[in-house]
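The values are calculated or read from the model by the stated rules, or taken from the named source; none is laboratory data. The model shown is predicted, which means the values in this text are computed figures rather than measured ones. Cβ: placed from backbone, ideal geometry, glycine included. Neighbour counts: every protein chain shown.
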Amino acid sequence: MKVIKTEIPEVLILEPKVYRDSRGHFFESYNRRQLRELTGLDVEFVQDNESLSARNVLRGLHYQIKQPQGKLVRVVIGEIYDVAVDLRRSSPTFGKWAGAILSPAQQPMIWIPAGFAHGFLVLSEQAIVCYKTTDYYAPEHERTLAWNDRSVDVLWPLEGEPLMSDKDRRSTPFAEAETYP
């Protein structure tokens, strides 16, 4: 596995070794021992999630103020622009964001530690996104950071207005968002 640091050192792109031949391909999408050896991360995942979304759907930027979730995200079908925003006040990258295009081409994954808001924009006709989390979903603690907040200034590769849920449209500006210590 190849580990690539993003603009925020704790947000990592992980590229597994993919074995291809005339039959197709094979790769390990997750190996706890290898992740620990290459990154120093020893995380326990407790939940797997999957979403199917159409082109120009924007999901996020979600986080849980209590029971924060680390996420290991990958795309099974399609292509997305995946974003993590640092909400840890004690971090030198507080309020900064990192983004990456994820698709099945090289099977990259992105590691987003707890303490970050997470979201993605679908770039293909549709996308299936799978991600592992380090804590359980707790809707009472879920928050949504405004995807278009100018102080964070995520550079989304949008084609017009994104398709979003009502919950995501009612998101909180960064200046008013609950954050982590």
- [ ] Could you grab me the full set of residues in the stretch 10-34 that are in contact (Cβ under 8 Å) with a residue 40 or more places away in the chain and closer than 20 Å to Gln69 by Cβ?
- [x] Glu10, Val11, Leu12, Ile13, Leu14, Ser29, Tyr30
Open item on the list: Tell me the residue from Val18, Val3 that is at pLDDT below 95, among the β-branched types (Val, Ile, Thr), in contact with a strand residue (DSSP E or B) (Cβ under 6 Å, 6 or more places away or on another chain) and over 17 Å from Gly119 (Cβ atoms), please.
Closed with: Val18
Open item on the list: Just to be sure I understand the filter: pairs with C-beta atoms under 8 Å, separated by 6 or more residues or on different chains, first member in the stretch 90-115 and at positive phi, second member among the charged types (D, E, K, R) and surrounded by fewer than 19 Cβ atoms within 10 Å (Cβ to Cβ). Which pairs pass?
Closed with: Gln107/Glu15; Gly115/Arg88
- [ ] Pairs only if they're at least six apart or on different chains, beta carbon under 7 angstrom, first in the stretch 154-181 and outside any loop (DSSP other than H, G, I, E, B), second at pLDDT 95 or above and among the β-branched types (Val, Ile, Thr); list them, first residue then second.
- [x] Leu163/Val57; Lys167/Thr144; Asp168/Thr144; Thr172/Thr144; Phe174/Val152
- [ ] Among the residues of the stretch 12-56, count how many are within 30 Å of Arg169 (Cα to Cα) and touching a Pro at 6+ places or on another chain (Cβ under 7 Å).
- [x] 2
Task: Selected residue (criterion: surrounded by the most Cβ atoms within 10 Å (Cβ to Cβ)) from residues of the stretch 42-52 that are touching a Lys or Arg at 6+ places or on another chain (Cβ under 6 Å) and assigned to a loop (DSSP other than H, G, I, E, B) - done: Phe45
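Okay, residues lined up against (1) touching a strand residue (DSSP E or B) at 6+ places or on another chain (Cβ under 9 Å); (2) without any contact (Cβ under 8 Å) to a residue 24 or more places away in the chain; (3) loosely packed, with under 15 Cβ neighbours inside 10 Å; (4) within 21 Å of Tyr30 (Cα to Cα):
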site	(1), (2), (3), (4)
Ala54	yes, no, yes, no
Gly70	yes, no, no, yes
Leu87	yes, no, no, no
Ala117	yes, no, no, no
Ala138	yes, no, yes, no
Task: Of all residues making up the stretch 124-133, the number that are surrounded by fewer than 21 Cβ atoms within 10 Å (Cβ to Cβ) and either closer than 17 Å to Tyr30 by Cβ or of a type in the set (A, V, I, L, M) (or both) - done: 2
